[in-house]
Amino acid sequence: MYTASAQQATDTRPNILYVFPDQMRNDACGFWREEGFREYRNAKGDPTITPNLNRFARESLVLISAQSNNPVSSPHRAMLMTGMYSAEVTGVPLNCNTDFPANSLNPDIETIGDVFSKAGYDCAYIGKYHLDAPTPNDPERPGHYVSEKYPVWDAYTPAERRHGFNYWYSYGTYDVFKAPHYWDNEGVKHEPYEYSPVYEAKKAIAYLKNRGNVRNPDKPFLMMVGMNPPHSPYNSLRDCMEEDYELYKDVPIDSLLFRPNITDRTLPKMKCAPYYFANVTGVDRAFGMILDALKELGLDKNTIVVFTSDHGELMCAHGEGSEAKNMPYAEAMNVPFLIRYPDKIEPRVDSLLLSSPDIMPTLIGLAGMKECIPATVQGTDYSDYMKKPISGKRPQSALYFKNAGGSFECLGDTLDFFPLARGLKTDRYTLAFFIDRERKLAKTYFYDDMKDPYQTENLSLEENKELVKKLCKELSYQLKKIDDPWFKEKVLKDLIGYRY
Ligand code: CA
């Protein structure tokens, strides 16, 4: 175990820079249309302009099939930070807002910030956090929420809930991208009038340059930058930079949203596409700024850089009835995942089915601190595999989760959660089961992603009995491994079987 006292100016452990926008699907990375990438996928990438990501991809391990297992903000972030699937332990089965006051990251669980901080890293968090339910703790107006609007989404995370991050410049959730706000280490609120990804890139660069003596330069650093865009709303120039909108405004909507699974081309949301993609380009610009600064400071060689996203965005796929995220569709679950570690990770494209809880132990492993992975972690450390694909194991599947509010008290607060859906993504198939409140099967989503990459044909369980049996065996095994509520209650026992 590394201790702070063992830190030297000669500490050669790598820095870690983790950049993650919120609602950016894997297809939105422009390089998927380029040679060297497009031949790996049977779906076509979006027509986006992402020059920085395209360049970065050629220096990185690029995952084709990284999955956001519970593809909505707070639950994904809880898995990312803790390496755990269990929402009962992380405390975050649902998005954090005042409807469910108990829904906050468990302060007693060891998160990625706790581990790296304890091991002698300087730890910084910049941008959207969304892991605490709002409480009346506005640092400027004690006893009040930071936002009086209902439902109250935004939150202030006080020092004792920051899990090892000693540099803090963050907020809960707030979707005004050109007038964002942040609370700093001391709880002082900052309200810049600048497009938030670019502003956050500038804060990240100031941290790298150690302006204002904000970090200990003798320590390696872990810096996480959570950019909110792309995220709804995507309606007007209030939501993106004008120069980015210019790139898409004259492109016909049917070329921007060409996916054959868009069944209703009259949806009002169709007009959001240019703003959505403008935000993808805006995030790319901000990411490029940080990469340039790393290089300029000579930090690029010994810094592991990850670019990924919370989850994706359907952007009209699968029709009106579908949510934009939180669904078992590829547009929601499949996220970008690019990782660069010069001379240690060979740049390549790989089909590793990485899950959200695998990220934390893998980063700890890549930093050479396997012994620091907490016993509570349920994800897998793929650092050996990332370094050398012939060594180490590969996952057979990635789980899918969706929870809903459980029982309600008379004032309307949700007291607990209901495990609404569980499913599985394998190399070839997607299979998910939704239940009603009587725990009976309500709906299935079943696709052959190899033959049908846009998931247009929901396959029959009846006509594919042997295959369903095989997939259910894998699902049983995965649910048992994490002691999921569906395993404990044997939900849909006749169908899933719980034989493994
Ligand atoms: Ca989100």
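Within the option set 227, 223, being buried (at least 22 other Cβ atoms within 10 Å of the Cβ), within 16 Å of the ligand (Cβ to nearest atom) and hydrophobic (A, V, I, L, M, F, W, C) holds for one residue only, 227.
Return the residue satisfying two criteria in turn: it lies in region 105-136 and is more than 16 Å from the ligand (Cβ to nearest atom) and at pLDDT below 95, and of such residues it is farthest from the chain's Cα centre (by Cα). Top of the filtered list is 136. Could you check, for region 190-199, whether at least one of its residues is farther than 20 Å from residue 18 by Cβ, touching a His at 6+ places or on another chain (Cβ under 8 Å) and not in a loop (DSSP other than H, G, I, E, B)? Yes, region 190-199 has at least one match. Every test in (1) crowded, with 20+ Cβ neighbours inside 10 Å; (2) among the β-branched types (Val, Ile, Thr); (3) under 14 Å from residue 223 (Cβ atoms) is passed by residue 205 save one, and that test is (1). Of all residues in region 70-88, those that are aliphatic (A, V, I, L, M), more than 15 Å from the ligand (Cβ to nearest atom) and farther than 17 Å from residue 382 by Cβ total 1.
Filtering 333, 270 for residues that are in contact with a strand residue (DSSP E or B) (Cβ under 6 Å, 6 or more places away or on another chain), over 18 Å from residue 53 (Cβ atoms), assigned by TED's automatic domain parsing to the domain that holds residue 232 and among the aliphatic types (A, V, I, L, M) leaves a single hit, 333. Taken as a whole, the condition of being surrounded by fewer than 23 Cβ atoms within 10 Å (Cβ to Cβ), within 27 Å of residue 367 (Cβ to Cβ), among the small types (Gly, Ala, Ser) and in the same structural domain as residue 340 (by TED's automatic domain parsing) does not apply to residue 321.
Among the residues of region 47-59, those identified as surrounded by fewer than 23 Cβ atoms within 10 Å (Cβ to Cβ) and assigned to a loop (DSSP other than H, G, I, E, B) are 47, 49, 58, 59. Just one residue in the set 234, 245 is of a type in the set (Phe, Trp, Tyr), surrounded by fewer than 22 Cβ atoms within 10 Å (Cβ to Cβ) and assigned by TED's automatic domain parsing to the domain that holds residue 194; that residue is 245.
Residues checked against (1) modelled with pLDDT of 95 or more; (2) under 15 Å from the mean Cα position of the chain (by Cα):
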{"residue": "299", "(1), (2)": "yes, no"}
{"residue": "306", "(1), (2)": "yes, yes"}
{"residue": "312", "(1), (2)": "yes, yes"}
{"residue": "319", "(1), (2)": "no, no"}
{"residue": "323", "(1), (2)": "no, no"}
{"residue": "327", "(1), (2)": "yes, yes"}
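Looking at region 325-337, is at least one residue within 18 Å of residue 423 (Cα to Cα) and without any contact (Cβ under 8 Å) to a residue 40 or more places away in the chain? Among the residues of region 325-337, not one is within 18 Å of residue 423 (Cα to Cα) and without any contact (Cβ under 8 Å) to a residue 40 or more places away in the chain, which makes the answer no. Entry remark, region 234-267: residues being farther than 18 Å from residue 45 by Cα and among the aliphatic types (A, V, I, L, M) number 3 in total. Output yes when any residue across region 281-295 is assigned by TED's automatic domain parsing to the domain that holds residue 362, within 16 Å of the ligand (Cβ to nearest atom) and in contact with a His (Cβ under 8 Å, 6 or more places away or on another chain), and no when none is. Checked region 281-295: no residue is assigned by TED's automatic domain parsing to the domain that holds residue 362, within 16 Å of the ligand (Cβ to nearest atom) and in contact with a His (Cβ under 8 Å, 6 or more places away or on another chain). Among the residues of region 253-290, those that are farther than 17 Å from residue 24 by Cα and not in a loop (DSSP other than H, G, I, E, B) comprise 253, 254, 255, 268, 271, 289, 290.
The set of residues in region 81-93 being part of a helix (DSSP H, G or I) and hydroxyl-bearing (Ser, Thr, Tyr) consists of 82, 90. Of the residues contained in region 49-69, none is found to be within 16 Å of the ligand (Cβ to nearest atom) and basic (Lys, Arg).
Screening the candidates 96, 123 for the property of being of a type outside the set (D, E, K, R), under 24 Å from residue 356 (Cβ atoms) and part of a strand (DSSP E or B) yields one hit, 123.
The values are calculated or read from the model by the stated rules, or taken from the named source; none is laboratory data. All of these numbers come straight from a predicted model, not from anything done at the bench. When we count neighbours, we look across all protein chains shown, and the Cβ atoms used for this are built from the backbone with ideal geometry, even at glycine.
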